[in-house]
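The values are calculated or read from the model by the stated rules, or taken from the named source; none is laboratory data. These figures come from a predicted structure and were not determined experimentally. Cβ sites come from the backbone with ideal geometry, for glycine too, and all protein chains shown count toward neighbours.
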Amino acid sequence: MTYQPHQRPIFDYERVADQDAKEPAHHPVVIVGGGLVGLTMAIDLVVKGVPVVVLEKGETVSEGSRSICQAKRTLEIWDRLGAGDPMVEKGITWNVGKVFHRDRLLYQFDLLPETGHKMPAFVNLQQYYVEEYLLDRLHALGGAVRWQHALEALERHDDHVRLTVATPDGPYGLTCDWLIACDGARSHVRRQLGLEFQGEVFEDKFLITDVHMKPDFPSERWFWFEPPFHDGQTALLHRQADDIWRIDLQMGWDADVEAEKDPARVIPRIRQMLGDDVDFDIDWISLYVFQCRTLEDYVHGRVIFAGDSAHQVSPFGARGGNGGVQDVDNLAWKLKLILDGTAPVRLLESYTEERLFAARENILNSTRATDFMTPKTGTSRTVRDTTLAMAEAHPFARALVNPGRLSVPAHLTASALNTPDDDAFDGRLGPGSPATDAPVQVAGQEGWWLDQLGERFVAAVHEPPGDLPEEVETPAGPVSVIALGEGQPIADPDGHLIDRYDLQPGTTYLFRPDQHIAARWRTFDAAKIDAAVNRACALD
């Protein structure tokens with residue numbers, strides 16, 4: 001049977017009531033961009049009860065697989081928003097990666113060596129599927145995207161933004177309290193404001209080819225330095241859904257972008273890699289250059305940037321889409337509190353602080369990977385080659401090999417929203433760290449720890465010595481109090497929570513609505529919880 005590529009849905013243009021209003025209609029939040037990040041932003045706000053308008057200039061989801069590696073933390077965020085199950089069911093789950101030098105295996109690694117996590121380390125799933133599942137979830141919540149409604153111009157005011165939106169029926173006006181730019185690397189919003197990225201654009205070029213085939217390869221990430229089948233520096237192979245395999249081949253600095261995308265040139269390269277006995281069809285071809293850049297501030301008055309519109313990193317390491325989803329996770333709860341009048345606008349300063357820290361961490365790792373994969377000087381090449389030569393026999397050298405450090409969530413340990421420890425802890429999860437999962441029992445039924453936290457402030461107390469209140473009242477709203485441990489409503493049958501959080505009787509953790517740890521103590525103290533919540537909401 002002839003290979004049939006996935007058919008992306010086409011969404012018709014629809015006229016909306018705002019186009020017939022005598023005065024520009026007003027909305028609390030308008031999101032520009034209906035891609036992976038914009039859709040996640042819309043879902044997160046709608047789940048929190050905030051109505052949104054999503055403007056998308058196109059008529060369908062992303063072309064090609066694009067951001068395919070969905071990391072554990074990102075999957076946990078989508079799971080909290082009710083969109084995680086179809087991602088895991090459709091995607092290819094993998095934990096193991098292998099690193100080769102020429103034709104020899106140097107070593108392999110496991111990204112999730114410990115048990116007791118609901119979500120896998122990574123799921124490989126094409127971006128168009130991710131966006132389709134996010135659209136399904138948004139529609140189920142009563143939300144929608146305005147397809148073929150393109151932002152044309154904007155005017156910033158002290159307390160709102162005025163927009164001009166272009167459509168096939170002509171332009172119309174809107175106003176909003178907040179405009180969120182999720183319109184990607186070529187952001188029209190960013191250009192409208194005249195904002196420039198800071199950072200570096202590398203000369204290295206990489207050819208991406210999605211290939212449909214059914215080889216006898218395991219679902220692992222394989223990375224080659226100086227591959228024997230390609231004259232470039234590196235190559236990468238891993239599997240996606242529908243028997244689609246992503247192949248990345250590093251090209252020379254002087255590679256002709258358009259010429260190298262010609263199937264007549266691509267097919268022989270793939271044939272040289274796979275051999276003559278593997279049948280394949282080309283699904284998608286692209287060519288990209290490394291860019292490691294960021295804005296210096298993600299909040300400009302009433303305009304907020306997230307995802308690629310705010311920062312860009314190389315695809316190696318899966319930090320682009322994952323970083324954008326984690327931007328949303330950080331932003332949505334803060335914007336909700338501000339819209340409710342519970343927190344001051346200055347809380348958004350922490351969005352830039354925390355997510356700029358994460359972006360710079362991603363850029364640092366991405367730049368280091370680029371420098372290792374494509375050494376620019378004789379000295380750096382010697383260091384790279386010596387490291388590779390030692391990696392097969394010496395474990396210490398493997399830690400120095402950098403084939404694109406894979407995405408991990410940022411630990412926001414220096415955030416101004418954290419309450420520093422007063423007590424001694426041995427656990428690795430301090431203030432600013434994202435919560436880690438574990439299997440639990442809830443009223444005798446099997447469950448997962450992160451599902452108990454939801455998206456609110458939660459104080460979790462391990463084996464409290466006495467009765468606990470159901471809530472702690474604070475100026476930022478009530479904090480839910482839950483008890484866990486032996487004899488408590490939430491049990492830790494395997495002891496994973498005790499181990500991962502360094503729990504003792506009375507130990508209390510305060511979690512933010514994005515499930516990052518805000519504070520921890522060895523005893524339950526309502527006054528300390530109140531003070532920590534005030535700090536986390538910029539009320540102190």
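Looking only at region 354-377, filter to residues that are at pLDDT 80 or above and of a type in the set (Lys, Arg); which one of those is nearest to the chain's Cα centre (by Cα)?
The selected residue is ARG355.
Criterion first (in contact with a helix residue (DSSP H, G or I) (Cβ under 7 Å, 6 or more places away or on another chain), outside any helix (DSSP H, G or I), charged (D, E, K, R) and at pLDDT 95 or above) does ASP204 satisfy it? Spell out the reasoning first.
Details: in contact with a helix residue (DSSP H, G or I) (Cβ under 7 Å, 6 or more places away or on another chain): yes; outside any helix (DSSP H, G or I): yes; charged (D, E, K, R): yes; at pLDDT 95 or above: no.
Considered against the rule, which asks whether it is in contact with a helix residue (DSSP H, G or I) (Cβ under 7 Å, 6 or more places away or on another chain), outside any helix (DSSP H, G or I), charged (D, E, K, R) and at pLDDT 95 or above, ASP204 comes out as no.
Pick out the one residue from SER366, SER415 that is assigned to a helix (DSSP H, G or I), of a type in the set (Ser, Thr, Tyr) and within 26 Å of GLN312 (Cα to Cα).
Numbers: SER415 fails: assigned to a helix (DSSP H, G or I).
It is SER366.
Quick one: would you say PRO489 is closer than 25 Å to ASN534 by Cβ and touching a residue at least 24 places away in the same chain (Cβ under 8 Å)? Let's see the steps before the verdict.
Numbers: closer than 25 Å to ASN534 by Cβ: no; touching a residue at least 24 places away in the same chain (Cβ under 8 Å): yes.
Answer is no for this residue.
For region 77-134, enumerate the residues that are of a type in the set (D, E, K, R) and part of a helix (DSSP H, G or I).
Taking region 77-134 and keeping what is of a type in the set (D, E, K, R), we get 79-80, 85, 89-90, 98, 102-104, 110, 114, 118, 131-132.
Matches in region 77-134: ASP79, ARG80, ASP85, GLU89, LYS90, GLU131, GLU132.
How many residues, within region 440-481, are within 14 Å of ARG512 (Cα to Cα), of a type in the set (A, V, I, L, M, F, W, C) and part of a loop (DSSP other than H, G, I, E, B)?
Number satisfying all stated conditions: 2.
For region 25-55, which residues satisfy the criterion of being in a loop (DSSP other than H, G, I, E, B) and crowded, with 17+ Cβ neighbours inside 10 Å?
Taking region 25-55 and keeping what is in a loop (DSSP other than H, G, I, E, B), we get 33-35, 48-51.
Across region 25-55, the qualifying residues are GLY33, GLY34, GLY35, LYS48, VAL50.
Return only the number of the condition from (1) surrounded by fewer than 19 Cβ atoms within 10 Å (Cβ to Cβ); (2) modelled with pLDDT under 95; (3) hydroxyl-bearing (Ser, Thr, Tyr) that SER407 does not satisfy.
With (1) surrounded by fewer than 19 Cβ atoms within 10 Å (Cβ to Cβ); (2) modelled with pLDDT under 95; (3) hydroxyl-bearing (Ser, Thr, Tyr) applied to SER407, the lone miss is (1).
What residue, among those in region 411-440 that are free of Cβ contacts under 8 Å to residues at least 60 places away in the same chain and buried (at least 16 other Cβ atoms within 10 Å of the Cβ), is farthest from the chain's Cα centre (by Cα)?
Looking at the filtered set, the residue picked out is VAL440.
Starting from residues that are over 21 Å from ASP85 (Cα atoms) and aliphatic (A, V, I, L, M), keep the ones in region 100-127 and report whichever is surrounded by the most Cβ atoms within 10 Å (Cβ to Cβ). Explain how you work it out, then say what you get.
Going residue by residue through region 100-127, those that are over 21 Å from ASP85 (Cα atoms) are 100-110, 113-114.
In the following step, the residues that additionally are aliphatic (A, V, I, L, M) were identified as 105-106.
Details: LEU105: 11, LEU106: 23.
So the residue we want is LEU106.
When you look at ASP437, is it farther than 29 Å from ASP540 by Cβ, touching a strand residue (DSSP E or B) at 6+ places or on another chain (Cβ under 8 Å) and either of a type in the set (Phe, Trp, Tyr) or part of a loop (DSSP other than H, G, I, E, B) (or both), yes or no?
On the way: farther than 29 Å from ASP540 by Cβ: yes; touching a strand residue (DSSP E or B) at 6+ places or on another chain (Cβ under 8 Å): yes; either of a type in the set (Phe, Trp, Tyr) or part of a loop (DSSP other than H, G, I, E, B) (or both): yes.
It is true that ASP437 is farther than 29 Å from ASP540 by Cβ, touching a strand residue (DSSP E or B) at 6+ places or on another chain (Cβ under 8 Å) and either of a type in the set (Phe, Trp, Tyr) or part of a loop (DSSP other than H, G, I, E, B) (or both).
Which one is farthest from TYR129 (Cα to Cα), of the residues in region 344-362 that are in contact (Cβ under 8 Å) with a residue 60 or more places away in the chain and crowded, with 24+ Cβ neighbours inside 10 Å?
In the first step, residues of region 344-362 are kept if they are in contact (Cβ under 8 Å) with a residue 60 or more places away in the chain; the result is 344, 346-347, 349-350, 353-354, 356, 359-360.
Now narrow it down to the ones that are crowded, with 24+ Cβ neighbours inside 10 Å: 354, 359.
On the way: GLU354: 29, ALA359: 25 Å.
Selected residue: GLU354.
Does ARG186 satisfy the condition of being modelled with pLDDT under 95 and not polar (S, T, N, Q)? Write out each step before concluding.
Working: modelled with pLDDT under 95: yes; not polar (S, T, N, Q): yes.
It is true that ARG186 is modelled with pLDDT under 95 and not polar (S, T, N, Q).
Picking from GLU463, GLU446, which residue would you name as being on the phi > 0 side of the Ramachandran plot and modelled with pLDDT of 95 or more?
Working: GLU446 fails: on the phi > 0 side of the Ramachandran plot.
From the options GLU463, GLU446, the qualifying one is GLU463.
Need the failing condition index for PRO268 against (1) outside the structural domain of CYS176 (by TED's automatic domain parsing); (2) in contact (Cβ under 8 Å) with a residue 24 or more places away in the chain, just the number.
(2)
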